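Presented below is the structure to which this report refers.
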Amino acid sequence: MSMLKMIFCGIDAERKRTFTMMIREGVATHAFNGELCVQPTWDSDSTRLFRTQFKMVSPKRISNPNNAGDTRNCRAGVRTNDGGAALGYYVSEDGYPGWMAQKWSYIPRELPGGRPSFIHVFEPLEDGQTRGANAFYSVMEQMKMLDTLQNTQLQSAIVKAMYAATIESELDTQTAMDFILGSDSKDQQSKMTGWLGEMASYYTAAPVRLGGAKVPHLMPGDSLNLQSAQDTDNGFSTFEQSLLRYISAGLGCVL
């Protein structure tokens, strides 16, 4: 237990993870890739309290040497016997930062004394399977589709929340402009100015309010309209539920 709880990560060959962190990483890796790979190692350094350590191995590093095709006894980087049992694994040792030649190391599943040398955890679904399968592969397209659909619906909701205010008048354009700006007749301009002044004085003395908010007054024959985007749901909820049912069926879940 002391080895598992060491804060200086003595159980991890990379000295980055505690036992709890390794468990979390293993669960996440298995959920994403469908498999988990760990290599037990032996460190003879005198500064180490415990000799046995564990190195997390990314499943992406396991492949056939030189990226060759599968054979009867070597499939997806796993060497097997005639009965299908794993004998060892080919692990790529890419040079950082990637410009060095790619090399593969063969790691046997067990050492001659029977000590495990490579731990590979996955759940086979059929005969002869050597690697784990990601359960999300079959529904990735639908998951991306659902994400795009939800983002589009969000943008549509934002547009629907916008509105514009317009004033409609019973007068035609020319008459309205003459009425607002005044025509060439000085007498009409004087009447217009006097009328607007009387209206301003009246509403200043007796403002019209609704629930404490001031109600703007318009010219006679005018109306204030609020313009908003039309509802363009187009069956979003139904389509979203259909996608969720498809994804849950692909993952073997009940929705």
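The values are calculated or read from the model by the stated rules, or taken from the named source; none is laboratory data. As the structure is a computational prediction, the values presented were derived from the model and not from experiment. Heads up, the Cβs are rebuilt from the backbone with ideal geometry, glycines too, and the neighbour counts pull from every protein chain shown.
Structural remarks
Here is a yes/no grid of residues against (1) assigned to a loop (DSSP other than H, G, I, E, B); (2) without any contact (Cβ under 8 Å) to a residue 60 or more places away in the chain:
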site	(1), (2)
27	no, yes
30	no, no
41	no, yes
46	yes, yes
60	no, yes
84	yes, yes
90	no, yes
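- Some residue of segment 44-55 being more than 19 Å from residue 111 (Cα to Cα), at pLDDT below 90 and within 30 Å of the chain's Cα centre (by Cα): no
- Residue in segment 111-131 that is surrounded by the fewest Cβ atoms within 10 Å (Cβ to Cβ), counting only those that are under 15 Å from residue 42 (Cβ atoms) and either in contact (Cβ under 8 Å) with a residue 40 or more places away in the chain or in contact with a strand residue (DSSP E or B) (Cβ under 6 Å, 6 or more places away or on another chain) (or both): 115
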